[in-house]
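Chemist: The structure is given below, and queries will be raised subsequently.
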Amino acid sequence: MGECRLKIHRSAIVHPDAVLGKEIEIGPFSIIGKTVTLGDGTIIKNNVTVTGNTIIGRNNIIHPNAVLGAEPQDLKYRGEQTSLIMGDNNVIREGVTINKGTTGGGEKTVIGDNNFFMAYSHIAHDCIIEDNVLLANGVLLGGHVVVERCAKLMGLVGIQPFATIGRYAYVGGHTRIVQDVPPYMIVEGHPAKIRQVNVIGLEREDFSTEQIDEIKEAFRKIFRSGELNRNSVLETLETNEAVSPVVKYLVTFLRNIDKGKSGRYRESFRHTAATVT
C-alpha cells in the first residue's frame with residue numbers, strides 16, 4: 001500500500017496487496033480487493049465494493065453501495081482475467097454498478113475523465129465511456145456500448161448492447177435506444193426518434209453560433225429534406241471543402257452506422273476479440 005495521509009476507517013477491509021495512492025479516504029464497511037489500484041485523492045465512501053482487476057485514477061468520488069469491477073453479467077464469462085479502467089475526477093453516485101470486461105470484448109471496460117454517473121445507473125462489460133458524460137438516475141447500458149464525450153443520458157434510459165451514443169448527444173428520459181444516436185442530436189420518444197439539434201447543449205459546451213448553424217443546416221439536409229437517397233446527401237457534404245470538421249464527424253458517424261447491423265456500427269465487431277482499442 002502507499003503511504004502519506006491515508007484515511008481508512010477501521011471497519012473497512014483493504015487487501016494488503018491493493019495499491020493505494022496519496023490522500024486516499026476509505027469509509028466504513030467498504031471493501032477494496034487484492035488487484036485494485038486507487039489513484040491519489042480518491043474518496044471511497046461507506047459500503048463501497050471495488051473488486052477485480054480495477055484501476056481507478058485520481059480524485060474520484062465513489063458514493064455508498066457502488067460496486068466497481070465485479071464479474072460481467074455475461075453467460076459466456078468463465079472467470080477470465082479482465083479489467084475495469086477508470087480515469088480521473090469521476091463522480092460515482094449511490095448504487096452504481098460498473099462491470100469489468102470480457103475476452104470477447106477486448107478484455108476491459110473503460111471509463112474516461114470528469115464523468116458523472118447518478119444513482120443506480122449500470123455500465124455493463126466492455127463499455128467505453130469517454131469524458132464529461134452524464135448518466136442520470138437508473139440509466140442502463142448493455143454490454144459493448146460506447147458513449148462519446150459530453151453526451152447526456154437522462155433518467156431510466158436503456159441502451160441496447162453494441163450501440164453508440166455520439167458526442168454531445170442528448171437522450172431524453174425513459175427512452176429505449178436500439179440504434180446508434182448521431183452526435184449533436186436530441187433523441188427521445190417511443191420509438192426513439194431524432195427530434196432536433198441539441199442547441200442548448202452545444203451552447204453550454206461553447207460551440208460558436210456559426211458551428212451550431214452549420215450543424216442545424218446539415219440536420220435539415222440529412223434528416224428533414226425529404227431526400228429519399230440519404231447517401232447522396234452525405235456524399236455532397238463529404239466532398240464539400242467548406243464543410244467543417246464538426247459536420248464531417250457527423251457524416252463519418254452516419255457512414256459507420258451503415259457498416260454495422262440493425263443500425264449499430266459496433267455490431268460489426270460482435271464476433272471479434274478487438275472491440276476495444
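The values are calculated or read from the model by the stated rules, or taken from the named source; none is laboratory data. No experiment lies behind these values; they were computed from the predicted model shown. Don't worry about glycine lacking a Cβ; one is built from the backbone with ideal geometry, like all the others, and counts go over all protein chains shown. Accessible surface areas use protein heavy atoms only, side chains included; no ligands, DNA or RNA. Shrake-Rupley method; radii C 1.70, N 1.55, O 1.52, S 1.80 Å.
Chemist: Calculate the spin-label point distance for ASP213 paired with GLU71, positioning each point 7 Å from the Cα along the beta-carbon direction, and give it in nanometres.
Modeler: 5.8 nm
Chemist: Related question: Give the carbon-plus-sulfur fraction of the accessible surface of segment 161-277 in %, rounded to a whole number; probe 1.4 Å, heavy atoms of protein chains only. Intermediate values should be presented prior to the final figure.
Modeler: Numbers: 3110 of 6450 Å².
For segment 161-277, the apolar C and S fraction of the accessible surface comes to 48 percent.
Chemist: Which of the trypsin sites (Lys or Arg not before Pro) found in segment 35-129 are in a DSSP loop and have at most 15 neighbouring Cβ atoms, other than their own, within 10 Å? Intermediate values should be presented prior to the final figure.
Modeler: On the way: sites: LYS45, ARG58, LYS76, ARG78, ARG93, LYS100, LYS108; in loops: LYS45, ARG58, LYS76, ARG78, ARG93, LYS100.
Qualifying residues, ordered by number: LYS76, ARG78.
Chemist: Right, next: Starting from the amide H of VAL14, placed 1.01 Å from N in the peptide plane, find each other amide H under 5 Å away whose residue is 5 or more places distant or on another chain.
Modeler: Under 5 Å from the amide H of VAL14: ILE32.
Chemist: Moving on. Under 14 Å from the Cβ of GLU25, count the other residues' Cβ atoms, weight Lys and Arg +1, Asp and Glu -1, and hand me the total. Let's see the in-between values first.
Modeler: Working: positive: ARG5, LYS7, ARG10, LYS22, LYS45, ARG58; negative: GLU23, ASP40.
Summing Lys/Arg as +1 and Asp/Glu as -1 gives +4.
Chemist: Let me ask you something else. Using the Karplus curve 6.51 cos²θ - 1.76 cosθ + 1.60 with θ = phi - 60°, work out ³J(HN,Hα) for each residue of segment 110-119 in order, rounded to whole Hz, and write x for Gly and Pro.
Modeler: Result, ordered by residue: 10, 10, x, 10, 6, 9, 10, 10, 6, 4 Hz.
Chemist: On to the next question. Between VAL199 and ASN231, what length in nm is gained on full extension when 0.36 nm per residue of separation is reduced by their alpha carbon distance? Intermediate results must be reported in sequence, preceding the final value.
Modeler: Numbers: separation 32, 0.36 × 32 = 11.52 nm, distance 2.50 nm.
Value of the extension gain: 9.0 nm.
Chemist: Obtain the nm distance between the two label points defined at THR252 and ARG78 by a simple spin-label model: each point lies 7 Å from its Cα along the Cα-to-C-beta direction.
Modeler: Using points 7 Å along Cα→Cβ, the separation is 3.8 nm.
Chemist: Let me ask something additional. May I ask which residue of GLY166, ILE8, GLY39 lies farthest towards the positive end of the charge dipole of the chain, with charges of +1 (Lys, Arg) and -1 (Asp, Glu) on Cβ and the Cα centre as origin?
Modeler: ILE8
Chemist: Related question: Of the listed pairs LYS100/LYS221; LYS7/LYS108; LYS100/LYS261; LYS34/LYS261; LYS100/LYS248; LYS152/LYS221, which have alpha-carbon separations greater than 31 Å here?
Modeler: Numbers: LYS100/LYS221 41 Å; LYS7/LYS108 29 Å; LYS100/LYS261 25 Å; LYS34/LYS261 40 Å; LYS100/LYS248 33 Å; LYS152/LYS221 25 Å.
Beyond 31 Å between Cα atoms: LYS100/LYS221; LYS34/LYS261; LYS100/LYS248.
Chemist: Show me the GluC sites (Glu not before Pro) within segment 1-89 that DSSP assigns to loop and that have at most 10 other Cβ atoms within 10 Å of their Cβ.
Modeler: Details: sites: GLU3, GLU23, GLU25, GLU80; in loops: GLU3, GLU23, GLU80.
Answer in residue order: GLU3.
Chemist: While we're looking at this one, here's another question. With a cut-off of at most 14 other beta carbons within 10 Å, and DSSP calling the residue loop, which trypsin sites (Lys or Arg not before Pro) in segment 180-235 qualify? Please list them.
Modeler: Values: sites: LYS193, ARG195, ARG204, LYS216, ARG220, LYS221, ARG224, ARG230; in loops: ARG224.
Here the trypsin sites (Lys or Arg not before Pro) that fit, given the DSSP loop and packing criteria, are ARG224.
Chemist: Once Rg/Rh (Cα atoms, Kirkwood Rh) is worked out from the coordinates, which option in (1) 1.03; (2) 0.98; (3) 1.13 does it equal?
Modeler: (1)
Chemist: Could you give the dipole magnitude of segment 1-109 about its Cα centre, charging the beta-carbon of Lys and Arg +1 and that of Asp and Glu -1, in debye to the nearest 20? Could the numbers behind the result be given before it?
Modeler: Numbers: 12 positive and 11 negative charges, 28 e Å.
Dipole size: approximately 140 debye.
Chemist: Report, for the chain, the % of DSSP beta bridges that are antiparallel, rounded to 5. Before the final figure, lay out the partial values.
Modeler: On the way: 5 of 60 bridges.
Looking only at bridges with both residues in the chain, the antiparallel portion is about 10 percent.
Chemist: Still on this structure, I have one more. Can you give me the % of accessible surface on segment 41-159 that is carbon or sulfur? Probe 1.4 Å, all protein chains present, nothing else counted.
Modeler: The C+S portion of the solvent-accessible surface of segment 41-159 is 52 percent.
Chemist: Also, quick follow-up: Compute the separation of the alpha-carbon centres of segment 5-66 and segment 170-241 and state it in Å as a whole number.
Modeler: What the calculation gives is 41 Å, centre to centre.
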